[in-house]
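For reference, the structure is listed below as structure tokens.
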Amino acid sequence: MSWNTEITATNQTLHSATCSDNTELAIKSSVLACADYAFTLFNESVEDDSMYCLFEWNQEEQSLVVLVTDDTKQKEGKHLVKVTLTAFEASPEETQAEMVKYWLRDHLTTCLAFFQYSLVAGFSTGDRTKLELL
């Protein structure tokens, strides 16, 4: 994936990419690439008070953001990694959020880069107070 980098108004670094492919394999690969890329930036995002690795799905934008936060889920780490899926269509039986959550949960079970850090993985659909643990 080709990552674009910009500094946000909150002085964080946003790394973003877009997947315009509509195959499930390509979309899944993009989601997992987003997670893996975020994990490579943990050394600069994880601080002493970091607790969560959040995976935030935005249905309207069809995007996933991966970030690190403290226990209040308010203080965010230095890096945000975002992938936008412009052609993602879920089947009638399963929503996009459910698919993304499943792929991430499955990926995290064997992801050594994630296990190097003592973070709790959580998934949200826009409301961090309703965090679902992965």
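The values are calculated or read from the model by the stated rules, or taken from the named source; none is laboratory data. Predicted model only: the values in this text are computed from it and were never measured. Because the Cβ atoms are built from the backbone with ideal geometry, glycine has one as well, and the counts that use them run over all protein chains shown. In case anyone asks, the SASA skips ligands and DNA or RNA and just uses the protein heavy atoms, side chains included. Shrake-Rupley method; radii C 1.70, N 1.55, O 1.52, S 1.80 Å.
Provide the percentage of antiparallel DSSP beta bridges, counting only those with both residues in the chain; round to the nearest 5.
Working: 19 of 31 bridges.
Here the share of antiparallel DSSP bridges comes out near 60 percent.
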* With each pseudo-label sitting 7 Å past Cα toward Cβ, what's the Thr129-Asp36 distance in nm, one decimal? -> 3.7
* Asked: Among residues other than Ile27 whose Cβ falls under 11 Å from its Cβ, what is the net charge (Lys/Arg +1, Asp/Glu -1)?
  -> -2
* Around Thr86: net Lys/Arg minus Asp/Glu count, Cβ-Cβ under 10 Å -> -2
* Asked: What does the charge add up to near Ala97, with Lys and Arg as +1, Asp and Glu as -1, over the other residues with Cβ less than 11 Å from its Cβ?
  -> -3
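Per residue, how large is the accessible surface of the chain? Use a 1.4 angstrom probe and give square angstrom. Walk me through the numbers on the way to the answer.
Working: 7320 Å² over 134 residues.
Result: 55 Å² of accessible area for each residue.
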* Structure fact -> Excluding ligands, DNA and RNA, the carbon-plus-sulfur percentage of the accessible area of the chain with a 1.4 Å probe reads 48
* Please give every one of the lysines within straight-line cross-link reach of Lys28, meaning a C-alpha to C-alpha distance under 27 Å, and leave out same-chain neighbours fewer than 8 residues apart. => Lys73, Lys78, Lys82, Lys101, Lys130
